[in-house]
Amino acid sequence: MKPETVAVDDERTYPETPDVPTFQHHLARYEFLLPMIQKSDEILETGCGAGYGSRMLSERARSVVAIDYSPAALDYARSRYGAPNLKYLLMNCHRLGFAAGSFDLVVSFEVFEHLEEPQDYLSECRRVLRPGGRLVVSTPNRSSWDIHMRSIRKAYDYHVNMVDLKQLRRLLKSCFSRVEIYSQWRRGNSLHRTLRALDVWNLRLRLVGPEKREKLQRTLGVPGGDEVKSCDWVFTQSQRRQANHFVAICRR
């Protein structure tokens, strides 16, 4: 069982965080999604957190309903990221309080790994989507995450549902007929792209310590530290076994 969330940043990132890379990593996913949104879309964002992404979505869509189970996160979101077509609601993602077929798009960024009942959640997302509607979900890649966390000797107790590529595909296909899975990773120079493509067993994480790994990445043109920007991440349907995170587009 995961710990209780109390503060805004217990399970969430936010624009004022001192952890710039993590925030920019999250921001990149919203920027990846924005061109897919239609002006007529009615959107549900589950696990909206600090709300900065919800407002980004509201600038493209007809309406956005953003839910979270943390009162602290919702207070933060309402005070900073309100919009006329954006509504924040206190709600648990496992039991969505909406009628069937209420939304064109459900957005689920960095929520899946926090869920204790992921199958029930996916069924609920499918239920509230209209025919042809989409679920866009992101989650860390367990294959690379576990190795990385061991290498830095840390654990993150809020992640209770970590999946690899095969597990994610199986879960998503149990509820959605069409699933496209993208990998998210930081861009580098041509040598970096070649070496990364060859590293299907994630040996860079297994054999190179975190400090040396960061230096090596810089020599390969990979931005790091506070210099990193959201545009430094790329999304491809290749190199998924090596992905830091997955982003999946699921169609009802």
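Under 15 Å from the mean Cα position of the chain (by Cα) and either surrounded by 21 or more Cβ atoms within 10 Å (Cβ to Cβ) or of a type in the set (Ser, Thr, Tyr) (or both): is that true of Val107 in this structure?
Details: under 15 Å from the mean Cα position of the chain (by Cα): yes; either surrounded by 21 or more Cβ atoms within 10 Å (Cβ to Cβ) or of a type in the set (Ser, Thr, Tyr) (or both): yes.
The answer is yes for Val107.
Among the residues of the range 79-91, write down those that are in a loop (DSSP other than H, G, I, E, B) and not aromatic (Phe, Trp, Tyr). Give the derivation first.
Step one: of the range 79-91, the residues in a loop (DSSP other than H, G, I, E, B) are 81-85, 91.
Once the filter is applied, which keeps residues that are in a loop (DSSP other than H, G, I, E, B) and not aromatic (Phe, Trp, Tyr), the range 79-91 yields Gly82, Ala83, Pro84, Asn85, Met91.
If I filter the range 92-100 for residues that are out of contact with any helix residue (DSSP H, G or I) (no Cβ under 6 Å at 6 or more places or on another chain) and not in a loop (DSSP other than H, G, I, E, B), do I get at least one hit? No, the conditions are met nowhere in the range 92-100. Taken over the range 217-244, the criterion of being farther than 24 Å from Ser143 by Cβ, charged (D, E, K, R) and touching a residue at least 60 places away in the same chain (Cβ under 8 Å) is satisfied by Asp226, Lys229. State whether the residues of the range 240-252 include one that is of a type in the set (A, V, I, L, M, F, W, C) and out of contact with any strand residue (DSSP E or B) (no Cβ under 7 Å at 6 or more places or on another chain). No, the range 240-252 contains no residue that is of a type in the set (A, V, I, L, M, F, W, C) and out of contact with any strand residue (DSSP E or B) (no Cβ under 7 Å at 6 or more places or on another chain).
Give the residues of the range 180-213 that are touching a strand residue (DSSP E or B) at 6+ places or on another chain (Cβ under 6 Å) and either in a helix (DSSP H, G or I) or surrounded by fewer than 18 Cβ atoms within 10 Å (Cβ to Cβ) (or both), sorted by residue number. Across the range 180-213, the qualifying residues are Glu180, Ile181, Arg187. Scan the range 66-87 for residues that are closer than 9 Å to Ala50 by Cα and among the charged types (D, E, K, R) and the total you get is 3. The set of residues in the range 218-234 being surrounded by fewer than 18 Cβ atoms within 10 Å (Cβ to Cβ) and under 14 Å from the mean Cα position of the chain (by Cα) consists of Ser230, Val234.
Rule-based calculations on the coordinates, nothing more; no lab input. None of these values were measured; they are calculated from a predicted model. Counting neighbours? That spans all protein chains shown, and the Cβs are built from the backbone with ideal geometry, glycine included.
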